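Data block below; observations after.
The values are calculated or read from the model by the stated rules, or taken from the named source; none is laboratory data. Since the model is a prediction, treat every value here as computed from it, not as a measurement. Every residue, glycine as well, gets a Cβ built from its backbone with ideal geometry; the counts of neighbours run over all protein chains shown. What goes into the accessible areas is simple: the full protein's heavy atoms, side chains included, and nothing from ligands, DNA or RNA. Shrake-Rupley method; radii C 1.70, N 1.55, O 1.52, S 1.80 Å.
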Amino acid sequence: MSGRRHDSRSDEDDVRVRPSRRGSRPRTRTRPAHADAVPGLVVAVDRGRMTVRVEGPDGGHVDVTSMRARELGKHGVVVGDQVRLVGDTSGRTDSLARIVSIEERTTSLRRTADDTDPTERIVVANADQLVIVTAVADPEPAWGFLDRCLVAAYAGGLQPLLCLTKTDLASPQPLLDRYAGLSIDAVPMSREAPLDPLLDRLAWRMSVFVGQSGVGKSTLVNRLVPDAFRATADVSKIGKGRHTSSSAVLFDLPAGGTVIDTPGIRSFGLAHVTADDVLAAFEEIAEAAVDCPPGCGHTTADPECALDAWAATGPAARQQQLAGLRVLLGAVGQLGPGY
Ligand code: ZN
């Protein structure tokens, strides 16, 4: 299953037995020659070139331009991936290292691009949290977009956080009511409000920011990371062209923690997600759903759905939780509107 947390297991341990011309013997994907490979974090991806952050000789960080080694096969590399490098890892101008392995991902934020390109793509690997930035007014909340972001978070193993902007213009209550049963953390954020409540939630974690235009996401990211503006503007320019790989940029927070902005992403298609991918994030509901018929979509249109009986018994909060979950399930399997 794509989004679940996996056992932490590196490619080096992935021993496979497969016949080869030289006879049948166990082989590892990483050859012994790569035992001295250097670990690093992918902080940017652009047209087949990755910027990988490794530890420098003085204990600081060095950004190393890298490419995928042929032995990675079809495995894509995305921002947030933990990788291993060989070759010139000095980071000097014109140097180029090779990525020889990708560590098993703990989470993966995925999207189906849009109506014209229904390919499933991983946006960011290993992030802890998806910060969904939405205005409570001007523009009105884009409900479908919010539902799809939440589904992408749950299906990918990320914890969602609602960041509500322009709370000086209207009450956030309608928005909070829509997802009331799901216990989603939310932080209000007006232009003048102090950043502390948000910073508390970002400390020492890797957080991906998503939001549609006009909600104040860029303003917020620039408040959090003062040098982010230039990089964000550059990537937005690229994102409008054919270089859609540049859809995520990673920044360090001065006080600890990592923020990944997604300036190129305006929609979140979910053609690749099933109802059970979402249910997996809710342990008790997932257990109750074992009594559902095969292929149950768990919506009100599924008359045999066992979750109705589950909600009718036990604490009253179950009704609200199921109602919130069914709002999200309405977004499962949909493509996002093309932007
Ligand atoms: Zn069901």
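Across region 294-310, which residue is surrounded by the most Cβ atoms within 10 Å (Cβ to Cβ) among those that are near the ligand (Cβ under 9 Å from one of its atoms) and among the aliphatic types (A, V, I, L, M)?
LEU307
The rows are residues; the columns are (1) within 21 Å of VAL273 (Cα to Cα); (2) polar (S, T, N, Q); (3) without any contact (Cβ under 8 Å) to a residue 24 or more places away in the chain.
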residue	(1), (2), (3)
ASP128	yes, no, no
VAL133	no, no, no
ALA155	yes, no, no
LEU164	no, no, no
ALA170	no, no, no
LEU175	no, no, no
VAL187	no, no, no
LEU195	no, no, no
ASP200	no, no, yes
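Keeping to region 285-332, report how many residues are part of a helix (DSSP H, G or I) and of a type in the set (S, T, N, Q).
3
Restricting attention to region 278-293, and to residues there that are touching a residue at least 40 places away in the same chain (Cβ under 8 Å) and small (Gly, Ala, Ser), which single residue is nearest to the ligand (Cβ to nearest atom)?
ALA280
Could you list all residues from region 177-200 that are assigned to a helix (DSSP H, G or I) and touching a strand residue (DSSP E or B) at 6+ places or on another chain (Cβ under 6 Å)?
Result: PRO197, LEU198.
Going through region 262-277 one residue at a time, which ones are over 22 Å from MET206 (Cβ atoms) and either in a helix (DSSP H, G or I) or within 11 Å of the ligand (Cβ to nearest atom) (or both)?
ALA275, ASP276
Among PRO141, PRO160, which is the only one that is open to solvent by less than 30 Å² (accessible area, probe 1.4 Å) and in a loop (DSSP other than H, G, I, E, B)?
Checking each option against the conditions leaves just PRO141.
Which condition number does THR313 fail, the rest of (1) on the phi < 0 side of the Ramachandran plot; (2) within 12 Å of the ligand (Cβ to nearest atom); (3) open to solvent by 30 Å² or more (accessible area, probe 1.4 Å) being met?
So the condition that THR313 fails would be (2).
Please verify whether THR258 is open to solvent by 10 Å² or more (accessible area, probe 1.4 Å) and either in contact with a helix residue (DSSP H, G or I) (Cβ under 8 Å, 6 or more places away or on another chain) or within 16 Å of the ligand (Cβ to nearest atom) (or both), treating the condition exactly as stated.
no
Do we have any residue at all in region 173-194 that's hydroxyl-bearing (Ser, Thr, Tyr) and surrounded by fewer than 12 Cβ atoms within 10 Å (Cβ to Cβ)?
yes
Determine which single condition PHE268 fails, assuming it passes every other condition in (1) open to solvent by 20 Å² or more (accessible area, probe 1.4 Å); (2) at pLDDT below 95; (3) among the aromatic types (Phe, Trp, Tyr).
Going through (1) open to solvent by 20 Å² or more (accessible area, probe 1.4 Å); (2) at pLDDT below 95; (3) among the aromatic types (Phe, Trp, Tyr) one by one, PHE268 breaks only (1).
So which residues in region 316-332 are of a type in the set (D, E, K, R) and away from the ligand (no atom under 12 Å from the Cβ)?
Pass one, region 316-332, residues of a type in the set (D, E, K, R): 318, 326.
Hit for region 316-332 is ARG318, nothing else.
Would you please name the residue that is most open to solvent (accessible area, probe 1.4 Å), looking only at residues in region 81-137 that are under 27 Å from ALA281 (Cβ atoms) and of a type in the set (Lys, Arg)?
Once the filter is applied, the top-ranked residue is ARG121.
Taking PHE229 as meeting all but one of (1) of a type in the set (Phe, Trp, Tyr); (2) over 20 Å from ASP81 (Cβ atoms); (3) at pLDDT 85 or above, write down the number of the exception.
The failed condition is (3).
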